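The values are calculated or read from the model by the stated rules, or taken from the named source; none is laboratory data. Bear in mind the structure is a predicted one, so any value in this text is a computation, not a measurement. Using ideal geometry, Cβ is built from the backbone for each residue, glycine included, and neighbour counts are taken over all protein chains shown. What goes into the accessible areas is simple: the full protein's heavy atoms, side chains included, and nothing from ligands, DNA or RNA. Shrake-Rupley method; radii C 1.70, N 1.55, O 1.52, S 1.80 Å.
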Amino acid sequence: MSKFAFKGTLAAAFCAGIAVWAMNGHAFAQAATQAPAKGGIPDLASVDFAWLALGADWRDPPPGSGHGPIKPDPDHPFHGNVAGEGQVTIRIGNYRDPVLKPWAAAQMLASNEEALSGKRSVPFAAQARCWPGGVPGQLLYPAEPFYFIQTPKQVWMIWERDHMVRRIYLTDKHSETVTPSWFGESIGHYDNGELVVDTVGLSTRNSYIDNFRTPHTEKEHVVERFKVSADGKTLEASVVVDDSDTFNEPLHLVQRWRKVKNPLLETVCAENNGDYFHQNLFPLPEADKPDF
Amino acid sequence: MGDLRVRSRGGLEWAALLAATILSGAACAADTPDLSGIYWATRYNPKIQLVDGGDLPLTAAGKAAYENNMAGLKDGSIPDNARKLCVPDGVPRVLANPYPFEIVDGPPGQTTIIYELSHQVRAIAMDKPLSEKELITFPAFNGHSAGHFEGDTLVVETAGFKDKSFLDATGAPHTDELRTFERIRKVSPTQLEDVVTIHDPEYYTRDWQARFVYTLRNDVRIEDYVCGEQHRDLSSVAGVRRP
């Protein structure tokens, strides 16, 4: 340990000792009663753990919740990398799902045909090609964990994958005008141990609800509720996507993560991510001239 | 030896120290000044400026690498992937960038610096030594950082760099043995200073410093950044020349 680090640790330990010593009986009792609930704030952030998604597709909501996620086209069942023996397939979404407005169904069909024809042998998946996943699509990135930072006024979600960042302002009102952007404007609050996030102002270019390329409009409104399981080992998000220009009723989606002990590392998506097998992969974000 | 002297303090001395600390009130709080907030440079220099002026103190190998980088950037044979593909800039180039960034005090045990430019994130492990295993196993554009406070100054040591980045936009070179030492502090209620020392003996004949100053701008929000898109107006930052 360096001299400076040792000094810092010693100072921190000394100050912590002072703090404990200085607590009178009342203060100590108050801390003990507040600690388990932490004021209704879930324990999402730490340097000691992160959250690793359990899959890249939305799970069904509890029965009776409403319309669930868009599923694979029954004519083209999906068989993923971790689905056991069998030929891995690409994701072809069920464009016939009656929840889709006609324009959305037509767009999904066109995307399916592009993939099935081999024109683009690997369909677009935002984070595989270094684009932001949008809201709520970013929650589906499976291979690397994500991290929270919680402060009294703001929450950050940081994905190790290409260090994507979402910001949640802990306030009760959206801005009067919101310019559409990849992650929109998210406001949030804590409710009975859950982090509730309300997001509007989501742009549409290369932005999808899921890996079946379900589109949305700028009218999209997303409410996410993040909750840690009682044993602290699992994080679950219950998500409602409301976009009456795209869906005939809101979509109810669920994602889960397991707690993993991973430090936050730098993973750079655009590094060594070329189209080495000539699959006509979707282009990476690239500047044809320097920004400045 | 110093440790032994500390341990030999008598009970009365400890009591006096304890009382003085409590009476001074802010002694412990003063150990961790609040640097959190959004900051924005007011000036941009594509070429890194040495604190003591003059040219980069390049070794012969460093001079050859710099000339190779400059020629490659000019004729396109070496791409500037920080601007073309928006890979991280690396330290100290990221310190010069003309976009706002935020310093976040958290999660506990970490100070996090998040840049708008290419949504770069630097996780600074507080009061812990750099992990030599990580430095070797996971080299990174922005390296691995460890920090601690010395009075009002956040001191950050960074190592474990990939050698694929430049120290500035002109192609100033570095090796993967680069180590940087930053001293970050408020120089006024609204101004933040970052003085960085560059240590890379293969390419530089001596350690040298550069200084960056930022203005506190909690009135702005950090925006999404995607390579190749139109981004925020940078006309408030002197020296920015958009092509």
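For region B:42-88, residues that are within 11 Å of chain A (Cβ to nearest Cβ) and of a type in the set (Gly, Ala, Ser) total 1.
Could you run through region B:46-62 and say how many residues are open to solvent by 60 Å² or more (accessible area, probe 1.4 Å) and over 23 Å from B:Arg83 (Cα atoms)? So the count comes out to 5.
All of A:Tyr141, A:Tyr169, A:Tyr147 fail the test of being in contact with a helix residue (DSSP H, G or I) (Cβ under 7 Å, 6 or more places away or on another chain) and aromatic (Phe, Trp, Tyr), apart from A:Tyr141. Sort out which residues of region A:177-212 are under 13 Å from A:Arg167 (Cα atoms), free of Cβ contacts under 8 Å to residues at least 24 places away in the same chain and hydroxyl-bearing (Ser, Thr, Tyr), and write them in order of number. Hit for region A:177-212 is A:Ser181, nothing else. Within region B:140-153, if we keep just the residues that are in contact with a strand residue (DSSP E or B) (Cβ under 6 Å, 6 or more places away or on another chain) and in a loop (DSSP other than H, G, I, E, B), the residue that is farthest from the other protein chains (Cβ to nearest Cβ) turns out to be B:Asp152.
For region B:89-138, what are the residues that are more than 8 Å from every other protein chain (Cβ to nearest Cβ), under 17 Å from the mean Cα position of the chain (by Cα), part of a loop (DSSP other than H, G, I, E, B) and at pLDDT below 95? Scanning region B:89-138 gives a single hit, B:Leu130.
I'm trying to understand the selection: among the residues of region B:154-182, which are under 10 Å from the mean Cα position of the chain (by Cα), farther than 22 Å from B:Pro108 by Cβ and within 12 Å of another protein chain (Cβ to nearest Cβ)? It would help to see each step written out before you state the result.
First pass over region B:154-182, keeping only residues under 10 Å from the mean Cα position of the chain (by Cα): B:155-158, B:180-182.
Narrowing further to those that are farther than 22 Å from B:Pro108 by Cβ: B:180-181.
Within region B:154-182, just B:Phe181 meets the criteria.
With respect to being farther than 18 Å from B:Pro33 by Cβ and aliphatic (A, V, I, L, M), B:Val226 fits the description.
Applying the condition of being aliphatic (A, V, I, L, M) and open to solvent by 30 Å² or more (accessible area, probe 1.4 Å) to region B:203-243 and asking which residue is nearest to B:Gly54 (Cα to Cα) yields B:Val213.
Filtered by the rule that a residue be assigned to a loop (DSSP other than H, G, I, E, B), more than 11 Å from chain A (Cβ to nearest Cβ) and among the hydrophobic types (A, V, I, L, M, F, W, C), region B:186-243 gives a lone residue, B:Val220.
Return a yes/no flag: does region A:264-287 have any residue that is within 21 Å of the chain's Cα centre (by Cα) and either more than 14 Å from every other protein chain (Cβ to nearest Cβ) or over 28 Å from B:Tyr225 (Cα atoms) (or both). Looking for residues that are within 21 Å of the chain's Cα centre (by Cα) and either more than 14 Å from every other protein chain (Cβ to nearest Cβ) or over 28 Å from B:Tyr225 (Cα atoms) (or both), one finds none in region A:264-287, hence no. Each residue in region A:53-88 was checked for being under 30 Å from A:Asn262 (Cα atoms), of a type in the set (A, V, I, L, M) and buried (at least 19 other Cβ atoms within 10 Å of the Cβ), and 2 pass. Report yes if some residue within region B:81-104 is open to solvent by 20 Å² or more (accessible area, probe 1.4 Å) and among the aliphatic types (A, V, I, L, M); otherwise report no. Yes: region B:81-104 contains one or more residues that are open to solvent by 20 Å² or more (accessible area, probe 1.4 Å) and among the aliphatic types (A, V, I, L, M). Scanning region A:91-106 for residues that are assigned to a loop (DSSP other than H, G, I, E, B) and open to solvent by less than 50 Å² (accessible area, probe 1.4 Å) yields A:Ile92, A:Asn94, A:Asp97, A:Val99. Among the residues that make up region A:233-254, is at least one of them surrounded by 21 or more Cβ atoms within 10 Å (Cβ to Cβ), within 30 Å of A:Pro152 (Cβ to Cβ) and within 14 Å of chain B (Cβ to nearest Cβ)? Scanning region A:233-254, I find no residue that is surrounded by 21 or more Cβ atoms within 10 Å (Cβ to Cβ), within 30 Å of A:Pro152 (Cβ to Cβ) and within 14 Å of chain B (Cβ to nearest Cβ), so the answer is no. Within region A:215-224, the set of residues being of a type in the set (A, V, I, L, M) and surrounded by fewer than 23 Cβ atoms within 10 Å (Cβ to Cβ) comprises A:Val223 only. Go through the residues of region B:157-167 one by one and say whether even a single one is touching a residue at least 60 places away in the same chain (Cβ under 8 Å), in contact with a strand residue (DSSP E or B) (Cβ under 7 Å, 6 or more places away or on another chain) and of a type in the set (Val, Ile, Thr). Yes, that holds for at least one residue. Looking across region B:154-166, just one residue is of a type in the set (Ser, Thr, Tyr) and part of a loop (DSSP other than H, G, I, E, B), and that is B:Ser165. Going by what's in this entry, would A:Lys261 be described as surrounded by fewer than 15 Cβ atoms within 10 Å (Cβ to Cβ) and more than 30 Å from A:Pro77 (Cβ to Cβ)? Against the criterion (surrounded by fewer than 15 Cβ atoms within 10 Å (Cβ to Cβ) and more than 30 Å from A:Pro77 (Cβ to Cβ)), A:Lys261 qualifies.
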